[in-house]
Amino acid sequence: MVEEQRSASASSASAGRPPAVSVRGLWKVYGPNPLSIVGSPDATLSRSELRAKTGCTAAVSDVSFDVAPGEVFVVMGLSGSGKSTLIRCLTRLVEPTAGEVFLDGEDISKATPQRLRELRRQHFSMVFQHFGLLPHRKVIDNIAYPLEINGMKKAERHARANEVIELVGLHGYSHAFPEQLSGGMQQRVGLARALAVDPQVLFLDEPFSALDPLIRRDMQQEVIRLHRELGKTMVFITHDLSEAVKVGDRIAIMRDGAVVQIGTPEELVALPIDDYVANFVRDIAKSHVLTLKYLARPAQSGEDMDGPELAANMIIRDAAEIILQTHKPVRVSENGKFLGIVSSEDVLRLISGVA
């Protein structure tokens, strides 16, 4: 299935390689004398208490994580949780108060303005909620714009733009103007423009939140397809857990500037660290996220052990038809190791919310 393919591609891409993105002790504090807040006892106060006492707001508070090469790493949280400030700190559109951000081993927090421009032009790209297309330029020239800034000749940049146009499903629209396109098509242009420079890392800040639900779903599928084909490392910001579960290999949940929990969609749904995370994931259908590994259990006395064998990483939703149609529990295995069995009763309890 798509979820398994994406996870597998991320794992194979990252095997034996250093992180594509590494964040260490990142802070962004607004207000007077922000450095005095970093690592201080006051930093443990709630946002309202911190603001009342110091006049400061910790938008990002001591955040650390790694993103593997080829991984789709999703950051999510409620409005005001700090996720958009975080992604802007990662690209230095907002200057961090403290901490380190490494992209392929290079600490961009120490990059000179000239080096930072080079990185933005050649090594990482951003896709925003608001498309930011140039209305007086045709689609092909919007997509080729970063290549133009990089000094590429017109024939070369148009050739590259046409490659990306085909990649993102914009065939036939190269000479249209942005106003002639739907919202979804405009966002495809924005995505194509980000891909034109063949970046090592893509940063996407709630790119589809302004789109209609059906278009948004199509664009989510587009991101999954592009990731499967290109294997790009992506840091994806959203406030929508269903979107996060759909596109992400791992998810970081933020609250009041801090990261509360990082895990795979399955880990967050099966083992939420606290009530805040549990509340986030409660409306997600467990059978659509959890794998058979979650349900596998030891056989009870008298239970048949001769049923079909299924892989532990198979999504329960996809395995349900097989399990419900067989008259025996299925055997669950991982890399040749027997983990346990899953019966139709186990599946029905999960789907009904009893498990």
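The values are calculated or read from the model by the stated rules, or taken from the named source; none is laboratory data. None of these values were measured; they are calculated from a predicted model. Please note: Cβ atoms are built from the backbone with ideal geometry, for glycine as well, and neighbour counts cover all protein chains shown. All accessible areas refer to the heavy atoms of the entire protein, side chains included, with ligands and DNA or RNA removed. Shrake-Rupley method; radii C 1.70, N 1.55, O 1.52, S 1.80 Å.
Listed values, structure above:
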item	result
Selected residue (criterion: most open to solvent (accessible area, probe 1.4 Å)) from residues of segment 270-287 that are free of Cβ contacts under 8 Å to residues at least 24 places away in the same chain and among the aliphatic types (A, V, I, L, M)	L271
Residues being in contact with a Ser or Thr (Cβ under 6 Å, 6 or more places away or on another chain), outside any helix (DSSP H, G or I) and either open to solvent by less than 30 Å² (accessible area, probe 1.4 Å) or closer than 12 Å to V281 by Cα (or both) - total across segment 238-257	3
Neighbours by Cβ (under 6 Å, 6+ apart or cross-chain): first from segment 45-70, surrounded by fewer than 15 Cβ atoms within 10 Å (Cβ to Cβ); second among the aliphatic types (A, V, I, L, M)	S64/V23
Enumerated helices (runs of 4 or more DSSP H) restricted to segment 103-212, each holding at least 3 residues that are free of Cβ contacts under 8 Å to residues at least 12 places away in the same chain	113-122, 154-167
Every residue from segment 329-343 that is closer than 12 Å to P298 by Cα and part of a loop (DSSP other than H, G, I, E, B)	P329, S343
Single condition F177 does not satisfy, out of (1) touching an Asp or Glu at 6+ places or on another chain (Cβ under 7 Å); (2) open to solvent by 30 Å² or more (accessible area, probe 1.4 Å)	(1)
Filter result for the condition that a residue is at pLDDT 90 or above, open to solvent by 10 Å² or more (accessible area, probe 1.4 Å) and either of a type in the set (S, T, N, Q) or under 17 Å from V72 (Cβ atoms) (or both), over K232, K153	K232
Check on I87, within 21 Å of I215 (Cα to Cα), assigned to a helix (DSSP H, G or I) and hydrophobic (A, V, I, L, M, F, W, C)	no
Counted residues, segment 288-311 - those being farther than 30 Å from R255 by Cα and open to solvent by 70 Å² or more (accessible area, probe 1.4 Å)	6
Selection within segment 81-140 - open to solvent by less than 50 Å² (accessible area, probe 1.4 Å) and among the polar types (S, T, N, Q)	S81, S84, T85, T91, T97, S109, S125
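Yes/no matrix, rows are residues, columns are (1) aliphatic (A, V, I, L, M); (2) in contact with a Pro (Cβ under 8 Å, 6 or more places away or on another chain); (3) open to solvent by less than 40 Å² (accessible area, probe 1.4 Å):
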{"residue": "N313", "(1), (2), (3)": "no, no, no"}
{"residue": "L324", "(1), (2), (3)": "yes, no, no"}
{"residue": "R331", "(1), (2), (3)": "no, yes, no"}
{"residue": "I341", "(1), (2), (3)": "yes, yes, yes"}
{"residue": "S352", "(1), (2), (3)": "no, no, no"}
